[in-house]
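Asker: Would you mind keeping the following structure in view while I ask a few things?
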Amino acid sequence: MIHNKTTGERKLMLFSGRAHPRLATEVAACLGLEPAPTQARDFANGEIYIRYDASARGADCFVLQSHTAPINQWLMEQLIMIDALKRASARSITVIAPFYPYARQDKKHLGREPISARLVADLLQRAGAERLMCVDLHAAQIQGFFDGPVDHLFALPVLAAHVAAHHSPDQLTIVSPDAGGVRRADQWSQHLGAPLAIVHKRRDPRTAHSVKAISVVGDIQDRTCVLVDDMVDTAGTICAAADALHDHGAREVIVAATHAVLSDPAPQRLRDSAVAEFLFTDTLPLPQSLAQAANVTTLPIAPLIARAIQEVFDDGSVTQLEGTSPPHPRRTETEQADGTRDGSSTHP
């Protein structure tokens, strides 16, 4: 069994937490190796024990953990794994968190709230991480929370290729489920050459997962609507948006999201929904109750992560990978004429 890949004097090793071992195995297979053998167990009081059965001295180490529920356990496990590698004299430590934990707590909405996404970045770095690799961060500003290189990968090409293969772009409308997702939907719109629409909703900031769809802005009559988001958690937002689209004349609704968080009661909502297809990547393990669901499709993200790992190890360019650079936002005619955006001058 090959647990490392050697190039010249350098050695690549992939380490996996217990949250989503199948993803780590698939990434390792794409790299032509196997995850490094690791002892991981819980003590009676809940403490986590980690020990590696292969030497990591002088190796470029990549620590992959998907932060599914229970998220705090898997975050703590990854921190302990990083610390173990630091004390094992690893040459470098890169954290791979396909779904970044606490990403939705990236700013203060009300007084006396934490910015937990920044805290997670501080914890990872303090533990010994030197580089961070994520897929479709909830907010791009999280890249600035980590004081080191951040490789932000995008699943849009993976998801959009599936949509384009099964639906004519002439019949598609890309829909943002809320105002905050308009930029993401615009990137999809450019990628597929389809028009854009928006579901306008109102959310009570004091009540979690309380959503009310208000109206739809854009032409969706008799069209196949692709609702795009970075994640689906309880599925309240996305199902309310899908219902609004059907009420406004959409012929069919498809949901495309990178991260299948799917906290209860999401599985039941997905099974009961009129959505034709829920399309996810496998950054997170799919709940067993949805494994055979006819309207749920998962696409592999391992090839993208593996290519990014190889580029980092080879000192190549992660940006040049397909799926690591989103399309540039559209510029208005005024911006194109005067060379400005948001009041700031641009320079060549």
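Asker: Out of R251, R203, report the one residue that is among the basic types (K, R), over 16 Å from L156 (Cα atoms), at pLDDT below 95 and surrounded by fewer than 23 Cβ atoms within 10 Å (Cβ to Cβ).
Answerer: Within the list R251, R203, the selection yields R203.
Asker: Report yes if some residue within region 67-88 is outside any helix (DSSP H, G or I), in contact (Cβ under 8 Å) with a residue 12 or more places away in the chain, surrounded by fewer than 17 Cβ atoms within 10 Å (Cβ to Cβ) and out of contact with any strand residue (DSSP E or B) (no Cβ under 7 Å at 6 or more places or on another chain); otherwise report no.
Answerer: For region 67-88, residues outside any helix (DSSP H, G or I), in contact (Cβ under 8 Å) with a residue 12 or more places away in the chain, surrounded by fewer than 17 Cβ atoms within 10 Å (Cβ to Cβ) and out of contact with any strand residue (DSSP E or B) (no Cβ under 7 Å at 6 or more places or on another chain): present.
Asker: For the subset of region 140-179 comprising residues that are of a type in the set (A, V, I, L, M) and at pLDDT below 95, which member is nearest to I82 (Cα to Cα)?
Answerer: A140
Asker: Further question on the same structure: Among the candidates A274, A293, single out the residue that is touching a Lys or Arg at 6+ places or on another chain (Cβ under 8 Å) and at pLDDT below 95.
Answerer: A293
Asker: Of the residues in region 26-53, how many are out of contact with any Lys or Arg (no Cβ under 8 Å at 6 or more places or on another chain) and open to solvent by 30 Å² or more (accessible area, probe 1.4 Å)?
Answerer: Within region 26-53, residues that are out of contact with any Lys or Arg (no Cβ under 8 Å at 6 or more places or on another chain) and open to solvent by 30 Å² or more (accessible area, probe 1.4 Å) number 14.
Asker: Could you check region 111-160 and list, in sequence order, the residues that are open to solvent by less than 60 Å² (accessible area, probe 1.4 Å) and free of Cβ contacts under 8 Å to residues at least 12 places away in the same chain?
Answerer: Residue satisfying the conditions is G111 alone.
Asker: When you check R91 against the structure, is it open to solvent by 60 Å² or more (accessible area, probe 1.4 Å) and farther than 22 Å from I305 by Cα, yes or no? Working first, answer last.
Answerer: Numbers: open to solvent by 60 Å² or more (accessible area, probe 1.4 Å): yes; farther than 22 Å from I305 by Cα: no.
No: the conditions fail for R91.
Asker: All but one of (1) within 22 Å of the chain's Cα centre (by Cα); (2) crowded, with 19+ Cβ neighbours inside 10 Å hold for E277; state the number of the condition that does not hold.
Answerer: Result: E277 passes all but (2).
Asker: Which of the residues belonging to region 206-228 are among the hydrophobic types (A, V, I, L, M, F, W, C), in a strand (DSSP E or B) and either at pLDDT 95 or above or within 23 Å of the chain's Cα centre (by Cα) (or both)?
Answerer: Result: V211, C225, V226, L227, V228.
Asker: Still on this structure, I have one more. Quick check on this structure: which one of A256, A266 is at pLDDT 95 or above, under 20 Å from the mean Cα position of the chain (by Cα) and over 25 Å from P157 (Cα atoms)?
Answerer: Exactly one of A256, A266 is at pLDDT 95 or above, under 20 Å from the mean Cα position of the chain (by Cα) and over 25 Å from P157 (Cα atoms), namely A266.
Asker: Further question: Residue under question is A241, and the condition is that it be among the aliphatic types (A, V, I, L, M), part of a helix (DSSP H, G or I), touching an Asp or Glu at 6+ places or on another chain (Cβ under 9 Å) and closer than 15 Å to T173 by Cα; does it hold?
Answerer: yes
The values are calculated or read from the model by the stated rules, or taken from the named source; none is laboratory data. All of these numbers come straight from a predicted model, not from anything done at the bench. As a convention, Cβ positions derive from the backbone with ideal geometry for all residues, glycine included, and neighbour counts pool all protein chains shown. Surface areas here come from the heavy atoms of the whole protein model, side chains and all, with no ligands, DNA or RNA. Shrake-Rupley method; radii C 1.70, N 1.55, O 1.52, S 1.80 Å.
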